[in-house]
Amino acid sequence: MTTLAQAPIAKPQKPWAATYKDRGKTAGIFVASMAVSYAVVAATPLKGKLAYAAIFFATYIVIDFVINFAKAGRPAAVDAVFRAFVTMMVAMAITPIISILVTVWIRGHHGLHWTLFTKDMHSNAYTDAVPQGGLLHAIIGTFLLVLFAMIISVPIGILTAIYLTEIRGKFTRPISFLVQAMSGVPSIVAGLFIYAAILLPLTKKLNGFEGSLALAILMIPTVARTSEEVLKLIPGDLREAGVALGGTQWRSVAMVVVPAARSGLITAMILGVARVAGETAPLLLLTGGSGTKNFNMFNNSMGSLPSYIWQSFGAGTPESITRAWAGILVLLVIVVVLFTAARTLGNRKVGKK
Amino acid sequence: MSIDPGSNSGNNQGDDMDTTAQTNSLAGIAASRVHVQPGTQALGVGLEARGVHAWFGEKHVLSNVSLDFWPGTVTALIGPSGCGKSTFIRTLNRMHEFIPTAAMAGEVLLNGEDIYAPGVDVTKIRLKVGMVFQKPNPFPSMTIAENVLAGLKLAQLKVENKDDLLEECLERAGLWAEVKDRLNTHGGALSGGQQQRLCIARALAVRPQVLLMDEPCSALDPGSTLRIEETISQLSSTVTIIIVTHNMQQAARVSDYTAFFLSDGGPGQMIEVGSTNEIFSRPKDKRTENYVTGRFG
């Protein structure tokens, strides 16, 4: 009789994984391609980063193809080239993103200092030395503008999604189409719409609430479409179970479907916020860019991070440009934190608390 | 032998049917009228389907099914896939209309009243005719206890003592012993069979008169299936049960009556209905015989 204890000791292995030899070969091709690209750039009139990259890519693919062709034939060679090609496309796609992050850090970190978060600009000009003044007013402004935009757009967006997925009325298709079209509305158009519809005929002056309205117009499609996708993931069985227990449709949606989709709906909300946090054009039109802390959404011009950045760049001195980069860095950190929060919440399984 | 409709007739096997059909008692009428012709007078008790048709868009999926479900009995609906069994039971608690393209014709009488009559409150119908689905579907955002009592909240019913109801329903669904120490944990952590019994407990909490079960064991292992079947047997004394199943042994084990559905490419029809013994031992229709003996092509 054999028992489990007597079984030969097995170690988990991955026989399909790349061997050191394979990895060495890949590294070899990589180094060879680099060498070729240096040689070509040195020997020919081709110049610049683009030339290095293009020659490196071309050489890598050619060497990869030839080696695999010689060793394993045409299908394997085509497969290897395809894989190399896709990897390079991915590299091309993420290069600008990395480049932006690195540039913002390099240029912006000089401007970081503690008073950024404790002072505003009411007694300073953008051209003053960097440690004077700060962007507290802009952080407060952005926070209030986005908060109000959220209060307006989240209920509308989620209810639209509920209409599209739960009620499925006659207008589902046109509304779905409109929501998609709305997500392509340029932010300046949203700003001009509020300018023409509210600022010119009614208030006749700048205030924060008008900015929030324009941001809400931009947020609604994001919130609605993301919520729609989340609600579609909730199994139809749950809806049927709610209704089969004698609930009305409204109670079944409110008690079963929405709670099951809760974490996804929070993700939709955060994505909407991240979408508008950096919007500049409508805010310049509608809220202006006060340098003073303003807590009143309905009166007077209001500062915001994008308008702070815009005005600092506009001032054009080395100090003001450093300020602008520091502002960009703060804004970027806020947006990245929001996206990370959205991903973390969204990665939880739908339906789990 | 005559059957008192007030008592638990769930364990009466169909052997007695021929004799009961001769008597004049209400139960006798019921037994002889398991398959009724459209237009016959309503019994006024239990659930009666009269000439039910169903469509999805242009497609006619169910044709002229008339079937009575006497209180306290278990009726199994058998037949190959696509013969309209599930569609049929979904017409019995008006879940059919949940599908946008659905249409139906005919009457479904609950205690003698047409559930499709104008002005009928559909949520009240679904309270009286509960449903257990093919896949276990406990509400993921709720705990075990909240799941069982969800129907009360959904239908806004008031109950004196929720704890008693909770224990009673879980007990009747055969789940109390397994979950009584973790009522406030989430239902998703239970096994598939436990989840399905949780769904049965949830359906029982609103005290339905009829319980529709749409292949309740098709996603479960044999052990869980056995537990659900025991649950069905225990429930049958108090609740009318209609169960769709692909498992003929299951139909033979749990049901008093069996109805065989078949589609010959067109809409599904009910070919034959009778006591379960009769359907499995001496079916009248050749097609039924072929199906129950496994010779179905």
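Every number in this text was worked out from the coordinates using simple rules, so none of it is lab data. This structure is a prediction, so every number in the text was calculated from the model and none was measured. We place every Cβ from the backbone using ideal geometry, glycine too, and count neighbours over all the protein chains shown.
Cross-link partners of A:Lys14 among lysines, defined as those whose alpha carbon lies under 25 angstrom from its own and excluding same-chain residues fewer than eight positions apart: A:Lys25, A:Lys71.
What pairs from B:Lys153/B:Lys180; B:Lys85/B:Lys180; B:Lys85/B:Lys162 go past 31 Å between their alpha carbons? Result: B:Lys85/B:Lys180; B:Lys85/B:Lys162 exceed 31 Å. Partners of A:Lys170 within straight-line reach, counting lysines whose Cα lies under 27 Å from its Cα and excluding those fewer than 8 residues away in the same chain: A:Lys232, B:Lys59, B:Lys124. Take the alpha carbon gyration tensor of chain A, find the square roots of its eigenvalues, order them as a ≥ b ≥ c, and report rounded if a/c is under 1.5; if not, report prolate when a/b exceeds b/c, else oblate. Judged from the Cα gyration tensor, chain A comes out oblate (a/c at least 1.5, b/c at or above a/b). In terms of surrounding Cβ atoms within a 10 Å radius of their Cβ, B:Glu48, A:Glu319, B:Glu113 rank from fewest to most as B:Glu113, A:Glu319, B:Glu48. Let a ≥ b ≥ c be the square roots of the eigenvalues of the Cα gyration tensor of segment A:282-323; is it rounded (a/c under 1.5), or, if not, prolate (a/b larger than b/c) or oblate? Prolate, because a/c is 1.5 or more and a/b exceeds b/c.
Which chymotrypsin sites (Phe, Trp or Tyr not before Pro) does segment A:7-94 hold that lie in a coil by DSSP with at most 11 other beta carbons within 10 Å?
Numbers: sites: A:Trp16, A:Tyr20, A:Phe30, A:Tyr38, A:Tyr52, A:Phe56, A:Phe57, A:Tyr60, A:Phe65, A:Phe69, A:Phe82, A:Phe85; in loops: A:Trp16.
Qualifying residues, ordered by number: A:Trp16.
Within the listed set A:Gln180, A:Gln13, A:Gln311, the residue fluctuating most in the Gaussian network model of chain A (springs between alpha-carbon atoms under 10 angstrom) is A:Gln13. A cut-off of 5 Å between modelled amide H atoms, ignoring neighbours fewer than 5 places along the same chain, links B:Ala102 with B:Gly57.
Applying both filters, DSSP loop and at most 14 other Cβ atoms within 10 Å, to the chymotrypsin sites (Phe, Trp or Tyr not before Pro) of segment B:241-297 gives B:Phe296.
A simple count of charges around A:Gly242, restricted to other residues whose Cβ falls under 11 Å of its Cβ and scoring Lys, Arg +1 and Asp, Glu -1, yields +2.
Explain nothing, just the number: relative contact order of chain A, from Cα pairs under 8 Å at least 6 residues apart, as a whole percent.
Result for chain A is 21 percent.
If a paramagnetic tag sat 7 Å from the Cα of A:Arg107 along the Cα-Cβ line, which residues of segment A:316-340 would have the backbone N under 16 Å from that point? Once the point is set 7 Å along Cα→Cβ of A:Arg107, A:316-333 turn out to lie under 16 Å by backbone N, inside segment A:316-340.
For segment A:292-318, the residues whose amide N sits under 15 Å from a probe point set 7 Å from the Cα of A:Ala125 along the beta carbon direction are A:312-318. Indicate the helices, whole DSSP H runs only, in chain A that combine a mean Kyte-Doolittle hydropathy of 0.0 or more with a Cα extent along their long axis of 30 angstrom or more. Qualifying helices, which must be both long enough and hydrophobic enough, are A:20-43, A:48-72, A:74-108, A:136-162, A:208-233, A:318-347. Amide H contacts for B:Ser66 (H built 1.01 Å from N in the peptide plane; partners 5 or more residues away or on another chain; cut-off under 5 Å): B:Gly51, B:Val52.
Net charge of the neighbourhood of B:Asp114, taken over other residues with C-beta under 15 Å away and scored Lys/Arg +1, Asp/Glu -1, is -2.
Residues B:Thr240, B:Thr185, A:Thr19, A:Thr59 in ascending order of nearby Cβ atoms (within 10 Å, fewest first): A:Thr19, B:Thr185, A:Thr59, B:Thr240. Globularity index of the protein assembly as shown is 1.35 (Cα radius of gyration / 2.2 N^0.38 Å, N = number of residues). Neighbour counts of other Cβ atoms within 10 Å put B:Val122, A:Val154, B:Val254 in the fewest-to-most order B:Val122, A:Val154, B:Val254. Summing +1 for each Lys or Arg and -1 for each Asp or Glu among the other residues whose beta-carbon sits under 14 angstrom from that of B:Thr231 gives 0.
Can you bin segment A:242-347 into rounded, prolate or oblate? Criterion: square roots of the alpha carbon gyration tensor eigenvalues sorted a ≥ b ≥ c, rounded for a/c under 1.5, prolate for a/b above b/c, oblate for the rest. Prolate, because a/c is 1.5 or more and a/b exceeds b/c. Segment A:276-347 and segment B:204-273 have their alpha-carbon centroids 63 Å apart. In chain A, helices alone account for a calculated mean residue ellipticity at 222 nm of -22000 deg cm²/dmol, with every DSSP H run of four or more residues adding -39,500 (n - 2.57).
Here's how it looks for B:Ile271: its modeled amide H is under 5 Å from those of B:Phe260, B:Phe261, B:Leu262, which are all 5 or more places away or on a different chain.
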